[in-house]
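To start, the structure under review is shown below, and the notes come after it.
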Amino acid sequence: MYRNILVPSDIANAGRGKAMVAKAKALRDTGGKITLLNVVESFQGFVMAEIPTSVFEDREKEAAAAIRTLADALGGGFEIAVRTGKPAAEILQAAKDGGVDLIVIASHNPGMQDFFIGSTAARVVRHAHCSVLVDRRPD
């Protein structure tokens, strides 16, 4: 069982997030914690320079509100985190910063494009310093 579980969640697919949290609850030790994470994807530096900072602040606020809504719908008792950046890198950094011992992440079934660019879940699996549970359930 695990004491500190990170569940990255795509707020656009709340149903999938609920399934991931159910898995995390089943694997959590008594007294353990679950952190719900949403990553607001950033753009290339040259693009970000042209976009007002308020756009990213608004996206982070919207993501935080959506992830809180998901947490409340699941009964509460979760920590909430929102980060901005590249999803795989931010998930890995959040796991490192938080001393996470399990990441529960959703993934689509891999296609040809994943052999060239790799999915977020694949990058997390390759580089995580903790256990990773990948759920490939179809959306």
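The values are calculated or read from the model by the stated rules, or taken from the named source; none is laboratory data. Nothing here was measured: the structure is a model prediction, and the numbers come from that model. Glycine also receives a Cβ, built like all others from the backbone with ideal geometry; neighbour counts cover every protein chain displayed. Each accessible area value is taken on the protein alone, full model and side chains, heavy atoms only, with ligands, DNA and RNA left out. Shrake-Rupley method; radii C 1.70, N 1.55, O 1.52, S 1.80 Å.
Run down the lysines and flag those whose C-alpha is under 18 Å from the C-alpha of Lys33, throwing out any fewer than 8 positions away in its chain. Candidates past the 8-residue exclusion: Lys18, Lys23, Lys25, Lys96.
These residues, Asp97, Asp58, Asp135, go from largest to smallest accessible area, 1.4 Å probe, as Asp97, Asp58, Asp135.
Can you tell me the accessible area per residue over the stretch 1-102, all protein chains present, probe 1.4 angstrom, in square angstrom?
Per residue, the stretch 1-102 has 53 Å² of solvent-accessible surface.
Between the amide H of Thr84 and those of Val40, distances stay under 5 Å, these residues lying 5 or more places away or on another chain, with hydrogens modeled in the peptide plane. For the stretch 1-44, the dipole from Cβ point charges (+1 on Lys and Arg, -1 on Asp and Glu) about the Cα centre works out to 260 debye, to the nearest 20.
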